[in-house]
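To start, the structure itself, in structure tokens.
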Amino acid sequence: MRHMIDPLDFSTEEVLALLDLADDMRQFPQKYQDVCARKKLATLFYEPSTRTRLSFEAAMLNLGGSVLGFSSADSSSASKGESVADTIRVISCYADICAMRHPKEGAPLRASRFSRIPVINAGDGGHQHPTQTLTDLMTIRSRKGRLDHLTIGLCGDLKFGRTVHSLIKSISRFEGIRFVLISPDELRVPDYIINEVLKPGNIPFEETTSLEKALPQLDILYMTRVQKERFFNEEDYIRLKDSYILTEEKMRLAPNDMAVLHPLPRVNEIALGVDNDPRAAYFEQVQNGVYVRQALIMTLLGLTV
Ligand code: CP
């Protein structure tokens with residue numbers, strides 16, 4: 001039995017196979033409509049979500065399966081003190097596979113150790129979000145035609161943004177990747193990403209506070225929201241939340257074939273006018289999130305058509 005807890009749990013070949021399967025699912029949805037008949041997905045969400053939870057549910061429904069679950073810790077027995085280990089033992093009696101989001105880093109990993117069903121990390125604290133990364137990779141590949149030899153700008157909250165950490169870990173395995181890390185000093189990418197991923201892999205990167213200076217060199221711009229829920233005091237959040245706002249004017253500095261991604265939700269960091277720019281790929285990214293989750297569910301359940 002396999003889980004997906006970390007973006008590196010699947011090799012690059014396996015990731016590419018997942019993306020190929022997701023592409024096929026996008027083109028030929030009817031081929032897959034019954035592949036998960038009589039299978040159940042449990043969504044265990046201890047933290048708020050719109051996209052991840054609902055795209056997992058849509059994915060399972062598209063495959064002919066069923067869904068059950070909870071969307072907040074308050075509506076589960078976690079509010080009475082039940083541990084993640086006990087919860088997953090119980091859920092293993094009800095479902096065939098589960099997706100778990102939890103505010104504590106490492107909670108899905110702990111769950112996987114007590115589980116009798118595949119566990120998918122749907123976001124753990126400020127740590128990792130591997131299925132968002134699959135979504136990002138599918139979108140990058142469909143926009144650029146490749147996952148190698150790209151200059152990728154990551155902008156905003158690089159400290160708490162788990163999607164950033166997972167994307168760096170995953171796409172660094174492809175050749176010729178270069179990062180431009182754009183953030184205020186206080187929200188720089190964590191040291192462990194630099195010391196355990198970028199430096200050992202000899203991945204070129206530069207850190208800057210200027211979005212304007214970075215824009216002309218980018219193939220991909222990955223915007224992120226400042227993660228209010230991870231701040232210890234509101235004053236710091238208010239001071240930093242509008243550090244970067246991508247506007248139509250700033251987009252004039254970017255190459256014509258750059259793609260703008262954002263894991264969403266957006267707060268203020270992309271002006272609404274940018275949505276009409278053909279380089280805006282963030283709603284396409286949302287749609288791709290359903291296909292990659294379909295591909296992942298099918299793969300982890302060992303199903304074929
Ligand atoms: N991208 C993402 O994780 O969005 P949600 O928090 O709405 O699931």
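The values are calculated or read from the model by the stated rules, or taken from the named source; none is laboratory data. Keep in mind that this is a model prediction, so the values were computed, not measured. Cβ sites come from the backbone with ideal geometry, for glycine too, and all protein chains shown count toward neighbours. Note: accessible area is taken over every heavy atom of the protein model, side chains too, but ligands, DNA and RNA are not part of it. Shrake-Rupley method; radii C 1.70, N 1.55, O 1.52, S 1.80 Å.
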Residue pairs meeting the criteria (Cβ under 8 Å; at least 6 apart or on separate chains; first without any contact (Cβ under 8 Å) to a residue 12 or more places away in the chain, in the stretch 1-25; second of a type in the set (D, E, K, R)): D24/K31
I'd like to check something: does the stretch 207-216 contain any residue that is in the same structural domain as R162 (by TED's automatic domain parsing), of a type in the set (A, V, I, L, M), over 27 Å from L8 (Cβ atoms) and in contact with a strand residue (DSSP E or B) (Cβ under 9 Å, 6 or more places away or on another chain)? yes
Looking at (1) over 14 Å from the mean Cα position of the chain (by Cα); (2) modelled with pLDDT of 95 or more; (3) open to solvent by 10 Å² or more (accessible area, probe 1.4 Å), which one does E186 not meet, given that it meets all the others? (2)
Residue set L240, L264, L296, L300; condition modelled with pLDDT under 95, open to solvent by less than 50 Å² (accessible area, probe 1.4 Å) and of a type in the set (A, V, I, L, M, F, W, C); output residue L240
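When you check R252 against the structure, is it in contact with a strand residue (DSSP E or B) (Cβ under 8 Å, 6 or more places away or on another chain), charged (D, E, K, R) and open to solvent by 20 Å² or more (accessible area, probe 1.4 Å), yes or no? Don't jump to the end; show me each part of the working.
Working: in contact with a strand residue (DSSP E or B) (Cβ under 8 Å, 6 or more places away or on another chain): no; charged (D, E, K, R): yes; open to solvent by 20 Å² or more (accessible area, probe 1.4 Å): yes.
Against the criterion (in contact with a strand residue (DSSP E or B) (Cβ under 8 Å, 6 or more places away or on another chain), charged (D, E, K, R) and open to solvent by 20 Å² or more (accessible area, probe 1.4 Å)), R252 does not qualify.
Among the candidates L154, L147, L158, which residue alone is within 16 Å of the ligand (Cβ to nearest atom), surrounded by fewer than 24 Cβ atoms within 10 Å (Cβ to Cβ) and closer than 15 Å to L261 by Cα? Please lay out each step first, then the result.
Values: L154 fails: surrounded by fewer than 24 Cβ atoms within 10 Å (Cβ to Cβ); L147 fails: within 16 Å of the ligand (Cβ to nearest atom).
Going through L154, L147, L158 in turn, just one is within 16 Å of the ligand (Cβ to nearest atom), surrounded by fewer than 24 Cβ atoms within 10 Å (Cβ to Cβ) and closer than 15 Å to L261 by Cα: L158.
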Suppose the filter is in contact with a strand residue (DSSP E or B) (Cβ under 9 Å, 6 or more places away or on another chain), part of a helix (DSSP H, G or I), at pLDDT 95 or above and in the same structural domain as R143 (by TED's automatic domain parsing); does V274 pass it? yes
In the stretch 79-103, how many are open to solvent by 60 Å² or more (accessible area, probe 1.4 Å) and in contact (Cβ under 8 Å) with a residue 40 or more places away in the chain? 2
Please determine, by comparing only the residues of the stretch 27-65 that are open to solvent by less than 50 Å² (accessible area, probe 1.4 Å) and assigned to a helix (DSSP H, G or I), which one is nearest to the ligand (Cβ to nearest atom). T52
Hey, does the stretch 198-220 have a residue that's in contact (Cβ under 8 Å) with a residue 60 or more places away in the chain and either open to solvent by 10 Å² or more (accessible area, probe 1.4 Å) or in contact with a Phe, Trp or Tyr (Cβ under 7 Å, 6 or more places away or on another chain) (or both)? yes
Which of (1) over 30 Å from A37 (Cα atoms); (2) among the hydroxyl-bearing types (S, T, Y); (3) more than 16 Å from the ligand (Cβ to nearest atom) does T304 not meet, given it meets every other one? (1)
Look at L109 and say whether it is in the same structural domain as D236 (by TED's automatic domain parsing), touching a residue at least 24 places away in the same chain (Cβ under 8 Å) and of a type outside the set (D, E). no
Taking L264 and the conditions (1) outside any loop (DSSP other than H, G, I, E, B); (2) at positive phi, which numbered condition does it fall short on, given that it satisfies the others? (1)
Within the stretch 161-176, of all residues that are within 16 Å of the ligand (Cβ to nearest atom) and open to solvent by 10 Å² or more (accessible area, probe 1.4 Å), the one nearest to N256 (Cα to Cα) is T163
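Any residue at all in the stretch 7-20 that's of a type outside the set (S, T, Y) and touching a Gly at 6+ places or on another chain (Cβ under 8 Å)?
Within the stretch 7-20, the first condition is being of a type outside the set (S, T, Y), and the residues that meet it are 7-10, 13-20.
Within this subset, residues satisfying the condition of being touching a Gly at 6+ places or on another chain (Cβ under 8 Å) are none.
So far as the stretch 7-20 goes, no, none of its residues is of a type outside the set (S, T, Y) and touching a Gly at 6+ places or on another chain (Cβ under 8 Å).
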Which condition number in (1) more than 16 Å from the ligand (Cβ to nearest atom); (2) outside any helix (DSSP H, G or I); (3) farther than 18 Å from A271 by Cα is the one that E196 fails? (2)
Can you find even one residue in the stretch 18-26 that is open to solvent by less than 40 Å² (accessible area, probe 1.4 Å) and assigned to a loop (DSSP other than H, G, I, E, B)? no
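Of everything in the stretch 1-55, what is of a type in the set (F, W, Y) and closer than 14 Å to T299 by Cα? Give them in sequence order.
Keep residues of the stretch 1-55 that are of a type in the set (F, W, Y), which gives 10, 28, 32, 45-46.
Result: F10, Y32.
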